[in-house]
1. Tell me, which residue of region 192-223 that is part of a helix (DSSP H, G or I) and basic (K, R) is farthest from the chain's Cα centre (by Cα)?
2. Among the numbered conditions (1) surrounded by fewer than 19 Cβ atoms within 10 Å (Cβ to Cβ); (2) modelled with pLDDT of 90 or more; (3) in contact with a helix residue (DSSP H, G or I) (Cβ under 7 Å, 6 or more places away or on another chain), tell me where Q159 comes up short.
3. Across region 101-149, which residue is farthest from G165 (Cα to Cα) among those that are charged (D, E, K, R) and over 13 Å from the mean Cα position of the chain (by Cα)?
4. Name the one entry in A64, A116 that is of a type in the set (A, V, I, L, M), under 19 Å from N302 (Cβ atoms) and in contact (Cβ under 8 Å) with a residue 12 or more places away in the chain.
5. Please find, among A116, A91, the residue that is part of a loop (DSSP other than H, G, I, E, B) and among the hydrophobic types (A, V, I, L, M, F, W, C).
6. So which of A237, A178 is modelled with pLDDT under 95, in a helix (DSSP H, G or I) and under 30 Å from G293 (Cα atoms)?
7. Name the pairs: first residue in region 184-204 and farther than 19 Å from F80 by Cα, second residue surrounded by 11 or more Cβ atoms within 10 Å (Cβ to Cβ), Cβ to Cβ under 7 Å, at least 6 apart or on different chains?
8. Does at least one position in region 13-26 carry a residue that is surrounded by 14 or more Cβ atoms within 10 Å (Cβ to Cβ), basic (K, R) and part of a helix (DSSP H, G or I)?
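The values are calculated or read from the model by the stated rules, or taken from the named source; none is laboratory data. Model, not experiment: these values are computed from the prediction. Every residue, glycine as well, gets a Cβ built from its backbone with ideal geometry; the counts of neighbours run over all protein chains shown.
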Amino acid sequence: MRRKYVYPALNWFIKGTIAAFLLFTIYKQAFGAEEAAGLWRAWLQQLGQGQWRWLAAVLLLLPANWALEAEKWRCLLHPFWRPTFGRAFRAVMMGVSVSLFTPGRIGEYPGRLLTAPAPYRSRALLAMAAGSYAQLLLIMGMGGAGSLYFIAFLPEGLQGMAGMGAGLVLALSFVLAAGFFHLGRLPAIALRLRAPKPMLRMLLLLRQYSRRRLAVALGLAFARYAVYSLQYCGLLAFFGLGIPPAAALAGCAAVFLVQSSIPLPPPLALLLRGEAALVIWGAFSPFSLGILGASFGLFIINLCLPALLGLIFIVKTNVLKSLGYENDVVQNELVKCSADLSHGFYSPGKAGME
């Protein structure tokens, strides 16, 4: 009976801890950062100049960005478990909330698992890993191609080195693409390497993915990448930077490549993205505050706003029960209530006899 009161308290403690870390992270980046005040003034100045149409377009693309991610996860989960779109979308939002303050966004994995039934959690992890693989494949391929665009703008001494780096990234992306469409061969490779049996059992599930399903997942990943790039370009236009469309798209690809190359918490990744954007687009516009403001705005719109929505879903979720720690307590309490009339319930057996 004591656990009946301990578990709710622990449940709310976990929720409160997640909320505290998340809200502190958002506040620190949105208002407490050194350049936050200047970035907010730049935003207000652009709104005062009638640039709100670009911002409205970016906000309208926000649901499409995360809806595509939820659909990609559902596509890869389909051979094992078929959650509704609403449930998948809720899981993705909860994952964003937990990932916002964790290195390399690793918190996205446990965040999504809060909505997955216990028998399907390993499948949900596998689907997330395959989805991340598809997204990384696109980031590397597009990033390598986008980096080639800026080689001509570099000093002559750096052009050769940059070209080699971009070529290496493109070659690696082709290798990753071949591996992505042959995921079913990983169990045989792992068996030869004498991988642990739990890992082998997990990898055997990859044989459920047909090439057609993987192609659909890759297509959804590309659509999400396109939406994210259009949002970034929209924010560049919002600040009136005057960057040519080709340079803007290529720059987005290069910035995403740099950001994804180093696993950092999103706030530090935001700093890295801003510095990379200054290097890439500085040759096209002297308005450095606008370049940083576009990166700052993308962080606020695409991560902070969904994270707050995810926090609402987390607050409404019984975290311990989702993780399986309350099942035995709940089941035992139900049995006691059915057998003991002092709880105010009739026993199912006796009710049927009367």
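1. Per the stated criteria, the residue is R192.
2. (2)
3. Among those residues, the one meeting the criterion is R121.
4. Sole residue among the options that is of a type in the set (A, V, I, L, M), under 19 Å from N302 (Cβ atoms) and in contact (Cβ under 8 Å) with a residue 12 or more places away in the chain: A64.
5. Only one candidate passes the filter, namely A116.
6. A237
7. If the second residue must be surrounded by 11 or more Cβ atoms within 10 Å (Cβ to Cβ), the pairs left are A190/M199; A190/L200; A190/L203; L191/L200.
8. Within region 13-26, one or more residues are surrounded by 14 or more Cβ atoms within 10 Å (Cβ to Cβ), basic (K, R) and part of a helix (DSSP H, G or I).
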